[in-house]
Amino acid sequence: MPAVDVATLLTVWEEGSSQPPLTRALQLLAAGSGMTQEEWARVPIGERDAGLLRLKEEWFGSRLEASEVCPQCGERLEATFSTLDLQRASPRSTPGPFELNRSGFAVEFRLPTSLDLWESGSSDVPGARETLLRGCITSARRGDEPVDPRTLPEDVLTGVVDQMAEADPMADMHVELSCALCGHSWTVALDITGYLWSEVEDWAKRLLIEIHTLASAYGWGEAEILALSPNRRRSYLDLLGA
């Protein structure tokens, strides 16, 4: 597992187990990069998720798997794809700021960040979408008159959403699936935070078993065991038949 200290990632897993997904994403990114959680919280969502995709590739390889039920015939589909597939399908974020002219309104806005998601609250809370959008609007005018972003009509907000999606495609990662049984094709969203976290969790639990086995056999402390390379740990485990 390159580019991250094993003990650091184990700590991230331990601390992140009780945290919401948004915090987990920032913890993982801070562990695998030279940026802090606060710095990552201020980058566009697509750039953040592209960073998580790179970590998945660096730490666990490029292969991703999906298990979905065909909405047409009910057949279960097991699909594999790669991080490169997602990178090709979704180019990088376009730097802002951005401007939309619609229905007589001129609106300037920026792309949403993790900080915006925090401040807008859960997407399940009524009005969270509008709070998020209006938090990203830096100015709004109708002719020469300033307009309160809270009073913008729905069609203008929809235009802002569409332009955000076009400028930040990695914020909505998805994969195309096709059922071999009935031929139906559909799109499935990929939660890269959840996917990467599940791999970190599996890795951490396997590592704890290795630590327990070696500590029980040789009396070593956790820090001593973590200081061993993965190959050396594996060699000792092979000697124990574990």
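Average accessible surface for the chain: 55 Å² per residue, computed with a 1.4 Å probe over protein heavy atoms with every protein chain in place. Using a Gaussian network model of the chain with C-alpha springs under 10 Å, which one of Asp49, Asp85, Asp144 is most mobile by mean-square fluctuation? With Cα springs under 10 Å in the chain, the top fluctuation among Asp49, Asp85, Asp144 is at Asp144. Remark: segment 94-101, residue by residue, has Karplus-estimated 3J(HN,Hα) of 8, x, x, x, 10, 9, 10, 10 Hz, where x stands for each Gly or Pro and the curve is 6.51 cos²θ - 1.76 cosθ + 1.60 at θ = phi - 60°. Binned at 10 Å from 0, what are the whole-percent values of the Cα-Cα distance distribution for segment 1-140, short to long? All Cα pairs considered, the percentages come to 10, 28, 33, 22, 7, 0. Rolling a 1.4 Å probe over the protein heavy atoms of segment 101-242, with every protein chain left in place, gives an accessible area that is 52 percent carbon and sulfur. As a calculated quantity, the FRET efficiency between His184 and Arg129 at R0 = 30 Å, using C-beta atoms, amounts to about 0.50. Subtracting the Cα-Cα distance of Ser17 and Ser103 from 0.36 nm times their residue separation leaves 26.3 nm of extension gain. Taken along the Cα-to-beta-carbon direction at a fixed 7 Å, the label points for Met35 and Leu228 span 3.7 nm. Each of Thr8, Thr23, Thr83, Thr138 has its accessible area taken with a 1.4 Å probe; listed largest first, they run Thr138, Thr8, Thr23, Thr83. Charge tally around Leu115: other residues with Cβ under 10 Å, Lys/Arg +1 each, Asp/Glu -1 each, net -2. Taking 0.36 nm per residue of separation and subtracting the Cα-Cα distance, full extension of the segment from Asp148 to Thr80 would add 19.8 nm.
Annotation for segment 187-221 versus segment 1-45: alpha-carbon center distance of 15 Å. For segment 1-76, a/c is not less than 1.5, where a ≥ b ≥ c are the root eigenvalues of the C-alpha gyration tensor, and a/b tops b/c. That puts it in the prolate class.
So for segment 35-116, Kirkwood radius off the Cα pairs, Stokes-Einstein at 10 °C and 1.306 mPa s: how many µm² s⁻¹? It diffuses with D of about 100 µm²/s by this estimate. The GNM of the chain, with springs linking C-alpha atoms under 10 angstrom apart, assigns the highest mean-square fluctuation among Leu208, Leu132, Leu86 to Leu208. So, counting K/R as plus one and D/E as minus one, what does the shell of residues with Cβ under 12 Å around Thr158 add up to? That works out to -2. Of the three principal axes defined by the Cα atoms of segment 156-199, the extents in descending order read 42, 30, 13 Å. Place a point 7 Å from the Cα of Ala215 along the Cα-to-Cβ direction; which residues of segment 5-25 have their backbone N under 18 Å from it? Residues passing the 18 Å test: 6-15. If a/c stays under 1.5 just call it rounded; otherwise compare a/b with b/c (prolate if a/b is bigger, oblate if not). Do that for the chain, with a ≥ b ≥ c from the square roots of the Cα gyration tensor eigenvalues. Verdict is prolate for the chain.
The values are calculated or read from the model by the stated rules, or taken from the named source; none is laboratory data. Keep in mind that this is a model prediction, so the values were computed, not measured. Don't worry about glycine lacking a Cβ; one is built from the backbone with ideal geometry, like all the others, and counts go over all protein chains shown. These area figures cover heavy atoms from the full protein model, side chains too; ligands, DNA and RNA do not enter into them. Shrake-Rupley method; radii C 1.70, N 1.55, O 1.52, S 1.80 Å.
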